[in-house]
1. Using a cut-off of 12 Å between alpha-carbon atoms, which aspartates and glutamates can reach Lys240, once sequence neighbours fewer than 8 places away in the same chain are excluded?
2. Convert each backbone phi in the stretch 79-96 into a coupling constant with the Karplus relation 6.51 cos²θ - 1.76 cosθ + 1.60 (shift: θ = phi - 60°), then list the ³J(HN,Hα) values in order as whole Hz, x for Gly and Pro.
3. Using alpha carbons only, how many angstrom separate the centre of the stretch 299-354 from the centre of the stretch 110-146?
4. With only alpha-carbon atoms counted, please give the Rg and Dmax of the stretch 1-110, in Å.
5. Averaging sequence separations of C-alpha pairs under 8 Å and six or more residues apart, then dividing by the length of the stretch 42-125, give the relative contact order as a whole percent.
6. Rolling a 1.4 angstrom probe over the protein heavy atoms, how many square angstrom per residue are accessible across the chain?
7. Relative to the longest principal Cα axis of the chain, at what angle does helix 347-362 sit, 0 to 90 degrees, rounded to 10?
8. Going from the alpha-carbon gyration tensor of the stretch 159-279, what semi-axes, largest first and in whole Å, does one get by taking the root of 5 times each eigenvalue?
Amino acid sequence: MTRRTADVLVIGSGIIGAATAYFAARAGLSVTVLERDLPASGTTSRCEGNILVSDKELGPELALTRFSLDLWKGELAEHGHRWEFEAKGGIIVASRESSLASLERFSASQRDFGIVAERLDAAGLRELEPHVTDRALGAAFYPEDSQVQPILAATGLLRLARDLGARLEVRTAVTGFLRDGDRVTGVRTPRGDFSAAHVVNATGTWAGQLAGMAGVNVPVRPRRGFVLVTEPLPPMVHHKVYAAEYVDNVGSSDAGLQASPVVEGTPAGTILIGSSRERVGFDGAVSAEALRTIAGNAIQLFPFLERTRILRHYHGFRPYCPDHLPVIGPDPRAPGLWHACGHEGAGIGLAAGTGKLLAQAIAGAAPELPLAPFRPERFDEPEFLAAHPEAVPAPEEASA
């Protein structure tokens, strides 16, 4: 069988793998991308394409979000037409006094970090969203929140990487790793071996399984989520609008069904309605309970939706990590192996920043943001295991 060699071997061609391939190729490295199916066929094709600062608490993820958003709006802006970049803005709505007070504390902390978050009273909210519920007491407006068409973003970045010399191999599943002692030097596939100085695990919800092939624990788990799509309508929802409870759900570790209303219009006139989160392994069954809950929540936020037809729904699996931080950087437990995974529902927004930081580190430069908070080896540290005992691999998930 043929053996191929590159500086960087990226496993996975979703948005994270595509961004990593692009920035690595732009750094002058030879790049090969391996995809077991077709580009952007996993989580990237089952999401809304959000680039959000509004739902991030203070900490390393917000710093990465700020860095990544600046790339989408800066270095990548000339290509924004490829993936329908839209700075539509986001609005968090509070319908209870307690929620309004919590929202103000949350947005004030973000403003201290340099995030633009404007207070809206009930009247100001209805100027921006006339059809929102009358129960809304106030809101926070985040004009920097943006959106891309996720499949176009991933395939667009892959095309840019290929223009710089990167190679893409589709329907090429990884079956094992090549080793030189402890060092990872490549992978085995049914189409032959591929060797590289640096192998990047960018396989989304399957990242934990791939890491397990290399003998290391990366506890990325699938977290199922549904999205409803309405019939085309005249412009009725002008921003990404969601309830204050959404922020709590994003940061929750509960395994059971959690749902809070997230509603946004599209250029085609359809309205996307979410969101739900539940850890059910790779169970792809349609949950009537989840769909019913999402629809009911959305009607509470925008009552006109009660009279709107749903054309379809779709669902996918977000790559959930127990501490709600992605995994980015070299793995000292398996030298030569790097990870870019575990972004859960923020992968589209964080892709540009993840790809650039990883490419900088692989090329031997100092990353513009420290990667220490995202280090893969944290999963073996006693403090982490004490706080997250669920991070120990589960046999049924390892075999999914």
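The values are calculated or read from the model by the stated rules, or taken from the named source; none is laboratory data. This is a predicted model, so every value here is computed, not measured. Using ideal geometry, Cβ is built from the backbone for each residue, glycine included, and neighbour counts are taken over all protein chains shown. Heavy atoms of the whole protein, side chains included, go into the accessibility calculation; ligands, DNA and RNA do not. Shrake-Rupley method; radii C 1.70, N 1.55, O 1.52, S 1.80 Å.
1. Glu48, Asp55, Glu86, Glu129, Glu144, Asp145, Glu264
2. 9, x, 5, 5, 10, 6, 4, 9, 8, 7, x, x, 10, 9, 9, 10, 10, 10
3. After rounding, the separation between the Cα centres reads 24 Å.
4. Answer for the stretch 1-110, Rg first and Dmax second: 18.5, 66 Å.
5. This gives 30 percent for the stretch 42-125.
6. So the chain comes to 39 Å² accessible per residue, rounded to a whole number.
7. Taking the Cα atoms of the chain, the angle to 347-362 is about 30 degrees.
8. Sorted largest first and rounded, they come to 39, 21, 11 Å.
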